[in-house]
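Colleague: Before I ask anything, let me first share the structure, which is written out below as structure tokens.
The values are calculated or read from the model by the stated rules, or taken from the named source; none is laboratory data. The model shown is predicted, which means the values in this text are computed figures rather than measured ones. No Cβ is skipped: glycine too gets one built from the backbone with ideal geometry, and neighbour counts run over all protein chains shown.
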Amino acid sequence: MSADRKEKRPRRRRGGFLDILNGFLTLLVLGIIAVGGLFFYGANAFYAPGSVKADTNFVVEKGAGLGSIAKRLEEQGLIGNELMFRAGAWVEKKQTQFKAGEFVLKANSSMADVLKELTEGKPLLLAVVIPEGWTSWQVADRLANHPDLTGTPPAVPAEGTILPGSYDYDRGMPRADVLAAMQDAMAKKVAEIFAKCDPTICGDTGVVRSPSELVTLASVVEKETGVASERPQVAAVFINRLKKGMRLQSDPTIIYGITKGVGKLDRPIRKSEIEAATEYNTYQIDGLPAGPIANPGVESLLAVASPAVTTDLYFVARTTNPADGHLFAATYDEHRKNVAAYRKASAEAEAENAKEALEATEAAKDAPAQ
């Protein structure tokens, strides 16, 4: 009897161990199945098409982390589950790879698509564009009315202190910061161009004695022609005239003296305005106007610093269409023929007659001594 008992005890111990082992294995299998099911469900949800039916913009703020991004995505209905999105980002090792900027999330984007766009896509380029030849009043007006910028609208900056071009910004960026970038760009570009300017033109012995005068003359060139290829020719005419002591006789300077850069002069220049002695009317004053009459672009600045090599002293529009450019002349007789051709296309004869009388006076300065 005792021997039988000794034989049965080990069997009971083995059976108990097996029961425990079987129970553990069962729980393990169930756990694996549960985890697998959860993983399958999560993966399916992560890669499943989203419910948003239209392309939608989403902004990732500078310094934003995975948590705040996922929360806002869920709040805006762009993903179905914040926790799944965060888990997916960790699994794909993209939890710290989010780019700042504004992104377009395509319609029906899955959470995987959203994650890829915000970490690998290109943000939208948001930019304030300032055309060449705009006055500072126009620039200030654009900044003041720009819906994406914030802060108090800036006062009208000094004329000629803004470099035309395209300036990137983030939504909510202060207007003052955008304006500062424009002015900083102008200061650097003018200094760079003036340093390389033809020494017979720029400097103490030239007709453009300082960076500010470079900007002033470039602004006149900018307003005189909308044809880019003509800028060096137009600049050459003005520089040639300055070297000979002749007046610039530029219509845009008269207009700026009237408007001060605010709005447009939607009418022909009057004879009385041509004859009015103002600090901007270069038909009446020697040398450059009192200051810039617009914000010139890089090409106009370069045209003044390195003008075309010509003996031209005059130019007049070919037609009433600015895109047709100008006719240039080295002598007053040639210029009169060009003016006659222009008059056939222009109804502004009275103003042209007044200018011709003044031009004849200036031409006399260039006549050879008897």
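Colleague: From the set of residues in the stretch 111-152 that are surrounded by fewer than 18 Cβ atoms within 10 Å (Cβ to Cβ) and closer than 26 Å to Val227 by Cβ, which is farthest from the chain's Cα centre (by Cα)?
Modeller: Ranking the candidates gives Trp137 first.
Colleague: From the set of residues in the stretch 153-167 that are crowded, with 16+ Cβ neighbours inside 10 Å and in contact with an Asp or Glu (Cβ under 9 Å, 6 or more places away or on another chain), which is farthest from Ile293 (Cα to Cα)?
Modeller: The residue in question is Gly165.
Colleague: Please work out if Val220 is in the same structural domain as Leu358 (by TED's automatic domain parsing), touching a residue at least 40 places away in the same chain (Cβ under 8 Å) and under 23 Å from the mean Cα position of the chain (by Cα).
Modeller: Considered against the rule, which asks whether it is in the same structural domain as Leu358 (by TED's automatic domain parsing), touching a residue at least 40 places away in the same chain (Cβ under 8 Å) and under 23 Å from the mean Cα position of the chain (by Cα), Val220 comes out as yes.
Colleague: Go through the stretch 243-282 and count every residue that is within 17 Å of Glu356 (Cβ to Cβ) and either touching a strand residue (DSSP E or B) at 6+ places or on another chain (Cβ under 6 Å) or in contact (Cβ under 8 Å) with a residue 12 or more places away in the chain (or both). Steps first, answer last, please.
Modeller: Step one: of the stretch 243-282, the residues within 17 Å of Glu356 (Cβ to Cβ) are 246-251, 254, 268-275, 281-282.
Remaining after also requiring either touching a strand residue (DSSP E or B) at 6+ places or on another chain (Cβ under 6 Å) or in contact (Cβ under 8 Å) with a residue 12 or more places away in the chain (or both): 246-251, 254, 268-271, 273-275, 281-282.
Total satisfying the criteria: 16.
Colleague: May I ask you to say which residue of Thr310, Thr320, Thr282, Thr278 is over 29 Å from the mean Cα position of the chain (by Cα), at pLDDT 95 or above and surrounded by fewer than 19 Cβ atoms within 10 Å (Cβ to Cβ)?
Modeller: After ruling out the rest, the residue left standing is Thr310.
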